[in-house]
Amino acid sequence: NVTGSVTDCNGLPVTNGYIIMQDGYYNYRYALNSLGQYDFSSILCNSSSNVTFIAEDATSAQQSTPLPYTINVGSNAIPNLQACGTSISQFINYSVNGVPYSLTSPVDSFMMYSNVQTIPTSIYIYNMGRTSGSSSYVNLDFTSNLIAAGSTQLLNSFYTSDIQDSTVITSPINVNITEYGSIGQFIAGDFSGTLTGAGPAFTLYNITCSFRVRRTFL
């Protein structure tokens, strides 16, 4: 059993928000009550588990600093978390030949993961629809060697249902990393370049993209 409370930047209870518990590759999200409190139960595979707690204030669109914590069988009273200091904004904004598209959380959800088995290692970010039940999608991946805020990574691929063509990157496209927080914080960046469609037309698609999503994996 896990209990705790969340306050905002003014030290007042967060009445419109969530507590997120990150456990390995899984993220569990629980709504706060009218007093800014949470109370939930979780099944442990072992007698204890190393997790991370993040508090979100949906009204101010801010979150707490991630709190690493070891939960054990029985009762776990988590120290108060202050949802303040970090924006929870998540989005993928892009254009194809000047036509803009925008995906934003919480209406749209995003996933980020890192594939350490590829050479070079890469980060993947994807979304499977601009609205619930939509068949549209966008996904991209780029290298992650020596990644940090201010670094430049190489775009490996960019796919979207808004391009009804098989495309490849024929000239290198650099991804400018503008934010790279710890696990539970955010990764952000932007890029622009040209994709080449399949033959015989070899249509050119000029793309621009900016993104910010929660970092959930190493």
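The values are calculated or read from the model by the stated rules, or taken from the named source; none is laboratory data. Computed from a predicted structure; not experimentally measured. All Cβ positions, even for glycine, are placed from backbone atoms using ideal geometry, and neighbour counts span all protein chains on display. When the accessible area is computed, the model is the full protein with side chains, heavy atoms only, and any ligands, DNA or RNA have been set aside. Shrake-Rupley method; radii C 1.70, N 1.55, O 1.52, S 1.80 Å.
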Per residue, accessible area of the chain with a 1.4 Å probe, heavy atoms of protein chains only, in Å², comes to 51 Å²
Options (i) 13.8; (ii) 13.1; (iii) 15.4 are given for mean projected area of the Cα convex hull in nm², and the computed one is (i)
Region 1-63 and region 174-218 have their Cα centres apart by a whole-number Å value of 30 Å
By the rule of another cysteine's Cβ lying under 4.7 Å, the cysteines of the chain that fail to get a partner are Cys45, Cys209
Residue by residue through region 11-22, the couplings from Karplus 6.51 cos²θ - 1.76 cosθ + 1.60 with θ = phi - 60°, in Hz, x for Gly and Pro, are x, 9, x, 7, 9, 10, x, 9, 10, 10, 10, 9
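Rounded to the nearest percent, how much of the accessible area of region 50-115 (1.4 Å probe, protein heavy atoms only) is carbon and sulfur?
Values: 1690 of 3160 Å².
Solvent-exposed carbon and sulfur of region 50-115 make up 53 percent of the total.
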Taking placed amide H atoms and a strict 5 Å upper bound, the residues 5 or more places from Ser151 or on another chain that come that close are Ile177
Karplus-derived 3J(HN,Hα) from phi for region 200-208 (6.51 cos²θ - 1.76 cosθ + 1.60, θ = phi - 60°), whole Hz, x at Gly and Pro, runs x, 6, 6, 5, 9, 10, 7, 10, 10
Given the candidates Ala148, Tyr205, Gly17, the one whose Cα lies deepest towards the positive end of the charge dipole of the chain, counting +1 at each Lys or Arg C-beta and -1 at each Asp or Glu C-beta, is Ala148
Env charge @ Gln185, Cβ radius under 10 Å, K,R +1 / D,E -1, value +1
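Let me know the shape class of region 1-118, please: from the alpha-carbon gyration tensor, a ≥ b ≥ c as square roots of the eigenvalues, rounded when a/c is under 1.5, otherwise prolate if a/b is greater than b/c, or oblate. Mind dumping the intermediate values first?
Details: a/c = 2.65, a/b = 1.39, b/c = 1.91.
Oblate, since a/c reaches 1.5 and b/c is not below a/b.
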Sorted list, accessible surface of protein heavy atoms, 1.4 Å probe, largest first, for Tyr205, Tyr159 is Tyr159, Tyr205
Long-range amide H partners of Gln90, meaning residues 5 or more apart or on another chain whose placed amide H is closer than 5 Å, are Ser105
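How big is the dipole moment of the chain about its Cα centre under a simple scheme where the beta carbon of each Lys and Arg is +1, that of each Asp and Glu is -1, and everything else is neutral? Debye, nearest 20, please. Don't skip to the end; give the middle numbers.
Working: 5 positive and 11 negative charges, 26 e Å.
So the dipole magnitude of the chain works out to roughly 120 debye.
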Karplus-derived 3J(HN,Hα) from phi for region 148-159 (6.51 cos²θ - 1.76 cosθ + 1.60, θ = phi - 60°), whole Hz, x at Gly and Pro, runs 6, 4, x, 7, 10, 10, 9, 5, 8, 7, 8, 10
Taking placed amide H atoms and a strict 5 Å upper bound, the residues 5 or more places from Tyr137 or on another chain that come that close are Ser161, Asp162
